[in-house]
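The values are calculated or read from the model by the stated rules, or taken from the named source; none is laboratory data. Computed from a prediction, not measured in an experiment: that's the story for all the values here. Counting neighbours? That spans all protein chains shown, and the Cβs are built from the backbone with ideal geometry, glycine included. The accessibility values were calculated without ligands, DNA or RNA, using every heavy atom of the protein model including side chains. Shrake-Rupley method; radii C 1.70, N 1.55, O 1.52, S 1.80 Å.
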Amino acid sequence: MKNVKRMMALAMILIMATSMIACSSKTGKDGKEASDAKNDDNTFVVGFDQDFPPFGYVGDDGEFTGFDIEMAQECAKRMGQEIVLQPIDWDAKDMELESGTIDCIWNGFTINGREDQYTWTDAYMDNSQVVVVRADSGIKTLADLKGKNVEVQKESSAQSAIEDNEELMKTFGELRTVGEYNTAIMDLESGAVDAIAMDIFVAKDQIADKDGELIILDEQISTEQYAIGFKKGNTELRDQVQATLMEMVKDGTFAKISDKWFGMDVCILEP
């Protein structure tokens with residue numbers, strides 16, 4: 001009887017372990033697992049950083065939202081495909097793309113310096129890398145960052161821009177990296193770091209509700225452009241998305257979505 005009870009207990013443990021593994025699978029917001037979606041030719045799996053407002057993030061209703069999210073959703077609808085929004089760790093984006101877990105990276109993705117690493121659409125908007133500091137910090141220019149601790153998101157364009165500017169970087173006390181910008185903002189507010197380098201539109205969104213306690217320096221680190229990145233060589237899907245994107249430009253949909261999120265038309269694509 002004891003052996004039977006032990007066998008039953010072991011069976012229950014195995015069932016629970018299997019259930020836990022299944023529940024830990026990566027799943028899009030619509031409940032479809034990304035691995036299952038990739039076996040469905042009628043899905044468009046978009047990889048994005050879910051902590052990157054206003055381009056992609058979790059809204060107050062618990063749903064994924066943002067400028068690039070709305071653009072991707074409209075694009076998928078026009079292509080007749082079901083969209084699967086797949087949040088990814090930004091520093092693991094290449095692995096996700098190479099493994100085929102996602103079809104593309106569409107989330108404030110900078111083309112500059114990465115031209116040969118992916119198959120890209122044409123750039124659809126301009127961007128720049130800026131520095132955010134506390135208003136009472138006394139930091140007014142990039143030169144004032146001498147000896148200061150500066151933070152960036154790991155594997156971000158801001159990190160690349162700073163590392164490419166060795167003359168600026170060597171003046172810092174320390175350059176630190178974090179997984180996402182919500183953590184960086186908390187570090188800045190607490191005084192754990194003196195400044196954060198980030199995309200200007202993300203910076204504007206992050207400081208909008210800070211009552212002037214955080215400011216953006218006028219002097220920029222670099223300028224760049226956003227595009228949609230696909231696995232190297234995947235020109236077929238890139239061409240389909242590019243053509244659909246141009247349709248959205250021509251009929252005014254791009255401008256409409258842009259105005260909703262930025263109060264202006266950020267499109268640089270020529271119709």
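Residues in segment 82-98 that are open to solvent by 40 Å² or more (accessible area, probe 1.4 Å) and not hydrophobic (A, V, I, L, M, F, W, C) were compared, and the one that is nearest to the chain's Cα centre (by Cα) is D89.
Inspect segment 145-159 for any residue being out of contact with any strand residue (DSSP E or B) (no Cβ under 9 Å at 6 or more places or on another chain), of a type outside the set (F, W, Y) and outside any loop (DSSP other than H, G, I, E, B) and give the result as yes or no. No - not one qualifying residue is present in segment 145-159.
Condition check ((1) in contact with a strand residue (DSSP E or B) (Cβ under 8 Å, 6 or more places away or on another chain); (2) under 15 Å from T101 (Cα atoms); (3) in a loop (DSSP other than H, G, I, E, B)) across all residues:
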| residue | (1), (2), (3) |
| --- | --- |
| D41 | no, yes, yes |
| V46 | yes, yes, no |
| P54 | no, no, yes |
| Y57 | yes, no, no |
| D61 | no, no, yes |
| D68 | yes, no, no |
| Q73 | yes, no, no |
| R78 | no, no, no |
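Hey, does segment 232-247 have a residue that's assigned to a helix (DSSP H, G or I) and either small (G, A, S) or closer than 21 Å to D91 by Cβ (or both)? Among the residues of segment 232-247, at least one is assigned to a helix (DSSP H, G or I) and either small (G, A, S) or closer than 21 Å to D91 by Cβ (or both), which makes the answer yes.
When segment 113-160 is limited to residues that are farther than 30 Å from L237 by Cβ and of a type in the set (D, E, K, R), the one that is most open to solvent (accessible area, probe 1.4 Å) turns out to be K146. Count of segment 170-180 residues, restricted to those that are open to solvent by 40 Å² or more (accessible area, probe 1.4 Å) and hydrophobic (A, V, I, L, M, F, W, C), is 1.
Got a number for residues in segment 113-163 being basic (K, R), over 19 Å from T177 (Cα atoms) and more than 16 Å from the chain's Cα centre (by Cα)?
1
Taking the conditions exactly as written (modelled with pLDDT of 95 or more, surrounded by fewer than 18 Cβ atoms within 10 Å (Cβ to Cβ), touching a Gly at 6+ places or on another chain (Cβ under 9 Å) and on the phi > 0 side of the Ramachandran plot), does G233 satisfy them or not? Taking the combined requirement at face value, the residue does not satisfy it.
Residue-by-condition table, conditions (1) surrounded by 18 or more Cβ atoms within 10 Å (Cβ to Cβ); (2) under 15 Å from the mean Cα position of the chain (by Cα); (3) without any contact (Cβ under 8 Å) to a residue 40 or more places away in the chain:
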residue: N182; (1), (2), (3): no, yes, no
residue: S190; (1), (2), (3): no, no, yes
residue: I196; (1), (2), (3): yes, no, no
residue: A203; (1), (2), (3): yes, yes, no
residue: D209; (1), (2), (3): no, no, yes
residue: E213; (1), (2), (3): no, no, no
residue: I221; (1), (2), (3): yes, no, no
residue: A227; (1), (2), (3): yes, yes, no
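Among the residues of segment 73-83, is any under 30 Å from K210 (Cα atoms) and either free of Cβ contacts under 8 Å to residues at least 60 places away in the same chain or not hydrophobic (A, V, I, L, M, F, W, C) (or both)? No, segment 73-83 contains no residue that is under 30 Å from K210 (Cα atoms) and either free of Cβ contacts under 8 Å to residues at least 60 places away in the same chain or not hydrophobic (A, V, I, L, M, F, W, C) (or both).
The set of residues in segment 119-144 being of a type in the set (A, V, I, L, M, F, W, C) and either in contact (Cβ under 8 Å) with a residue 60 or more places away in the chain or part of a loop (DSSP other than H, G, I, E, B) (or both) consists of W120, A123, M125, V130, V131, V132, V133, A135, I139, L142. Filtered by the rule that a residue be farther than 12 Å from V152 by Cβ and either of a type in the set (V, I, T) or touching a strand residue (DSSP E or B) at 6+ places or on another chain (Cβ under 9 Å) (or both), segment 170-187 gives T171, G173, N182, I185.
For S35, the stated conditions hold: it is assigned to a helix (DSSP H, G or I), modelled with pLDDT under 50 and among the hydroxyl-bearing types (S, T, Y).
For segment 84-94, a residue qualifies if it is in a helix (DSSP H, G or I) and either more than 15 Å from F230 (Cα to Cα) or touching a residue at least 40 places away in the same chain (Cβ under 8 Å) (or both), and the qualifying residues are W90, D91, K93.
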